[in-house]
Amino acid sequence: MTEEPQQHWDRVYSDKAPSEVSWFQSEPRPSLAALARFDVPHTTPFVDIGGGPSNLVDALLANGWSDVSVVDIAAPALEAAQARLGEAAAGVHWEIADITRWNPAHRYGGMA
Ligand SMILES: C[S@@+](CC[C@H](N)C(=O)[O-])C[C@H]1O[C@@H](n2cnc3c(N)ncnc32)[C@H](O)[C@@H]1O
């Protein structure tokens, strides 16, 4: 039987700690380097799509980004990030969603 994407990713993050997956980075240097190339105010809404338990969100908060969302299909991934961040997690918008069906208007209203 073929696994649905949500089942697959739930299982990945239930079976492994965030640091045990092959794509783990202790510091999100490539993402931060890419972001540094753009002169974007840190009040700009930032959405980490498929962010999982990545510590990019930690770095964004530490750098003063004030409107950060993490969207991921796997609840265990977001729970791991929230547990790591502790109280700081309250300053982030977390959404368990399949990005292929996610409508940003639910969070940001209609786009012109
Ligand atoms: C390779 S992991 C990368 C996670 C994170 N960005 C990082 O660097 O550690 C891919 C992530 O995308 C999420 N994902 C896969 N398909 C998705 C979908 N259709 N909608 C939302 N998230 C999805 C997975 O749950 C997983 O957390």
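Descriptive notes on the structure:
- Residues in the range 1-25 reached by a label modelled at R107 [backbone nitrogen below 14 Å; 7 Å Cα→Cβ]: none
- Label-to-label distance for I49 and S66 is 2.6 nm, based on points extended 7 Å past Cα in the beta-carbon direction.
- FRET efficiency for the pair V40 and R11, taken as 1/(1 + (r/R0)^6) with r the Cβ-Cβ distance and R0 = 30 Å, rounds to 0.25.
- Rounded to the nearest 500, the helix-only mean residue ellipticity at 222 nm of the chain stands at -10000 deg cm²/dmol, with each DSSP H run of n ≥ 4 adding -39,500 (n - 2.57).
- S19 accessible area, assembled protein chains, probe 1.4 Å, Å²: 70
- Surface accessible to a 1.4 Å probe, per residue, for the residues of the chain, Å²: 64
- Counting protein heavy atoms only, the chain has 53 percent of its accessible area on carbon and sulfur, 1.4 angstrom probe.
- Long-range amide H partners of V47 with built H, under 5 Å: S69
- Inter-centroid distance (Cα atoms) of the range 58-93 relative to the range 17-45, Å: 13
- In units of the rule-of-thumb radius 2.2 N^0.38 Å, the chain shows an alpha carbon radius of gyration of 1.10.
The values are calculated or read from the model by the stated rules, or taken from the named source; none is laboratory data. Here the structure is a predicted model, which is why all the values come from computation and not from measurement. When we count neighbours, we look across all protein chains shown, and the Cβ atoms used for this are built from the backbone with ideal geometry, even at glycine. Areas reflect the complete protein model, heavy atoms only, side chains present, ligands, DNA and RNA absent. Shrake-Rupley method; radii C 1.70, N 1.55, O 1.52, S 1.80 Å.
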